[in-house]
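Student: Let me begin by handing over the structure; questions about it come next.
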Amino acid sequence: MTKELFTISTILILFITFFFLPKKEIIDVPVIYQINGSNIENIISNYRPKFLIIDYSKDGTEKFKFTSNDINILKNKGITPLAYLSIGEAEDYRYYWKNEWYKNPPIWLYKENPNWAGNYKVKYWHDDWKNIIFNYLDKIIEQGFSGVYLDLIDSYIFWSNNGYDITYTASEMIKFVIEIAEYARKKNPVFLIVPQNGEDILDYDYNHKYLYTISGIGIESLFYLYNKKNEDKYINSRLDYILKIKSYGKFVLVTDYIYDPQKPNEEIILDFIKLCNYYDFYGYPANKNQKLKDLSGALKYFKEVKK
């Protein structure tokens, strides 16, 4: 009798738990951009992004890179995972870095970025650097990512300000992105190529091959710079390029760093979401610190403003 009562009680508890207790809400969001300390289980337990931009590794190192099973879990949830990949700077915590480079750098490696410790500008047109990126790309493809999110496209402007002709630096960046796409698509024909920023490189895309090659574009700080709305002239000058890209059937991912965990500005967050919806962009209201480590608390506002 005791055993029977125990069984009935267990079934009753399970019944009440399943049908009556409130279930945890999964929030549909356009995009999440988290490249430091990403926790896949935590993300999918709380959110369902259309696009997810993460590093190929939990901490950026080879030791803790995501498995193909990790990436398949995302894809099975209808999420499009994009792997962050910096092609304009080398990072000294990556598997490819050699300690000897600190004192004896190769000819393509430049000075450390004063704003980002451990990041070094590269002359991206050199074959040795390209081969490093292609090797990195092999890892990303093997993991099963749907595409790459290419950072530092606007390095072409940096080098034009440091002794190189801008037509050369722009054309070499365009060439590099196209080479990355061709390399990846030999292994996965539908592999996505998503450059971040540098949208004005279209001025040097004379045959539109760059435009035809990319799958979409990522944009930072388009509408807001922290808690201040950007000037209309600035926004419109960028939109001229962005909307041209979109008119070719490409998607647009926008990250504005506007969420202050200590003092959230609801008006700014909601305005950002509404602006992204108006232009049919996928928006991420990121934390103001720009470290892209913590998931933004502003994601909860997508429950209020539906796309």
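Student: Of the conditions (1) more than 23 Å from residue 119 (Cα to Cα); (2) in a loop (DSSP other than H, G, I, E, B); (3) of a type outside the set (Gly, Ala, Ser), residue 72 satisfies every one except a single condition; which number is it?
Tutor: (2)
Student: For residue 158, are the conditions met, namely being within 20 Å of the chain's Cα centre (by Cα) and either in contact (Cβ under 8 Å) with a residue 24 or more places away in the chain or in a helix (DSSP H, G or I) (or both)?
Tutor: In short, no.
Student: State all residues of region 161-171 that are within 27 Å of the chain's Cα centre (by Cα) and in a loop (DSSP other than H, G, I, E, B); if no residue qualifies, say none.
Tutor: The answer is 161, and nothing else.
Student: Filter region 43-69 for residues that are part of a strand (DSSP E or B) and either closer than 19 Å to residue 120 by Cα or of a type in the set (Ser, Thr, Tyr) (or both); which is nearest to the chain's Cα centre (by Cα)?
Tutor: Filtering first and then ranking leaves 57.
Student: Quick test of your reading of the structure: residue 217 fulfils all but one of (1) over 22 Å from residue 169 (Cα atoms); (2) touching a Pro at 6+ places or on another chain (Cβ under 8 Å). Name the failing condition by number.
Tutor: Condition not satisfied by residue 217: (1).
Student: Given the conditions (1) outside any helix (DSSP H, G or I); (2) in contact (Cβ under 8 Å) with a residue 12 or more places away in the chain; (3) surrounded by fewer than 16 Cβ atoms within 10 Å (Cβ to Cβ), and given that residue 189 satisfies all but one, which numbered condition is not satisfied?
Tutor: Tallying (1) outside any helix (DSSP H, G or I); (2) in contact (Cβ under 8 Å) with a residue 12 or more places away in the chain; (3) surrounded by fewer than 16 Cβ atoms within 10 Å (Cβ to Cβ), residue 189 fails exactly one: (2).
Student: Here's a follow-up. Looking at 97, 101, which is the one that is without any contact (Cβ under 8 Å) to a residue 40 or more places away in the chain, touching a strand residue (DSSP E or B) at 6+ places or on another chain (Cβ under 8 Å) and part of a helix (DSSP H, G or I)?
Tutor: 101
Let's see how each residue does on (1) at pLDDT 95 or above; (2) more than 20 Å from the chain's Cα centre (by Cα); (3) not β-branched (Val, Ile, Thr):
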| position | (1), (2), (3) |
| --- | --- |
| 94 | yes, no, yes |
| 97 | yes, yes, yes |
| 110 | yes, yes, yes |
| 114 | no, yes, yes |
| 125 | yes, yes, yes |
| 129 | yes, yes, yes |
| 137 | yes, no, yes |
| 141 | yes, no, no |
| 154 | yes, no, yes |
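Student: Counting just the residues of region 13-50 that are of a type in the set (S, T, N, Q) and at pLDDT 65 or above, which one comes out surrounded by the fewest Cβ atoms within 10 Å (Cβ to Cβ)?
Tutor: It comes out as 45.
Student: Count, please, the residues in region 51-92 that happen to be crowded, with 23+ Cβ neighbours inside 10 Å and at pLDDT below 95.
Tutor: 0
The values are calculated or read from the model by the stated rules, or taken from the named source; none is laboratory data. Here the structure is a predicted model, which is why all the values come from computation and not from measurement. Note that each Cβ is placed from the backbone with ideal geometry, even for glycine, and that neighbours are counted across all protein chains shown.
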